[in-house]
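Structure first, commentary second.
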Amino acid sequence: MNTSFLSDRPEYITEVAMIIHERFDLDENIKGNYKEAVEFFGGSTEKGYPITLIDLEGRKCVGTVSIYKNDLTERPNYQPWLAALYVLPGYRGEGIADRLVSDMLEHISELGFEIIYARTDSQKRYDYYMQKGWELLETIHTDGQKTFIFRKGKVQ
């Protein structure tokens, strides 16, 4: 498997958009539609938002992670955000998420960022961020759910 910038592998834009749209954008009235996801990820670069990394096994995209300028409208002053971290179920437990996050943190450190934020409403992902040394910054309630906000300083 190898990690690549989505901007270097545009043939995977629709696949990433489908993965993220299906996993994270469950309510199209709130989060947008698949076409908007394709447009969003089609604008992925290495230095501007969004920055997206993908992990490939052969010709299949098995994991992805992005950097968004903001991933929580309630906290516009927190920037940038690690977002859309997802590994296909059949590929979990192989270190793909760790590799994607590590590669992305190294990249954004090279871009001059020292702090990054992440959010989750999942206990499993809460445990993941805590295990990886992220600081729980705050817990808020959005859309009737508890949302955990994490911060990682010295992202390198």
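Things worth noting here:
- From 121, 103, residue being surrounded by fewer than 20 Cβ atoms within 10 Å (Cβ to Cβ) and at pLDDT below 95: 121
- The single condition among (1) surrounded by fewer than 20 Cβ atoms within 10 Å (Cβ to Cβ); (2) within 25 Å of residue 6 (Cα to Cα); (3) free of Cβ contacts under 8 Å to residues at least 60 places away in the same chain that residue 97 does not satisfy is (1).
- Qualifying positions in region 50-59 - closer than 20 Å to residue 93 by Cα and surrounded by 15 or more Cβ atoms within 10 Å (Cβ to Cβ): 53, 54, 55, 56, 57
- Top-ranked residue of region 130-155 - restricted to ones that are in contact (Cβ under 8 Å) with a residue 60 or more places away in the chain and among the hydroxyl-bearing types (Ser, Thr, Tyr), ranked as surrounded by the fewest Cβ atoms within 10 Å (Cβ to Cβ): 142
- Within region 93-124, the set of residues being of a type in the set (D, E, K, R) and under 16 Å from the mean Cα position of the chain (by Cα) comprises 98, 99, 103, 106, 119, 121, 124.
- Within region 129-142, tally of residues that are of a type outside the set (A, V, I, L, M, F, W, C) and touching a Leu at 6+ places or on another chain (Cβ under 9 Å): 2
- Residue count, region 60-94 (criterion: crowded, with 16+ Cβ neighbours inside 10 Å and on the phi > 0 side of the Ramachandran plot): 1
- Among the residues making up region 110-124, those that are part of a loop (DSSP other than H, G, I, E, B) and under 17 Å from residue 24 (Cβ atoms) are 121, 122.
- Residues (of a type outside the set (Lys, Arg), within 15 Å of residue 81 (Cβ to Cβ) and assigned to a strand (DSSP E or B)) located in region 137-156: 137, 138, 140, 142, 147, 148, 149, 150, 153
- Members of region 112-132 that are within 13 Å of residue 154 (Cα to Cα) and in contact with a strand residue (DSSP E or B) (Cβ under 7 Å, 6 or more places away or on another chain): 114, 115, 116, 117
- Comparison of 103, 127 shows that the only residue that is acidic (Asp, Glu), without any contact (Cβ under 8 Å) to a residue 12 or more places away in the chain and not in a strand (DSSP E or B) is 127.
The values are calculated or read from the model by the stated rules, or taken from the named source; none is laboratory data. A quick note: this is a predicted structure, and the numbers were derived from the prediction, not measured. So basically every Cβ, Gly included, is an ideal-geometry build from the backbone, and we count neighbours across all protein chains shown.
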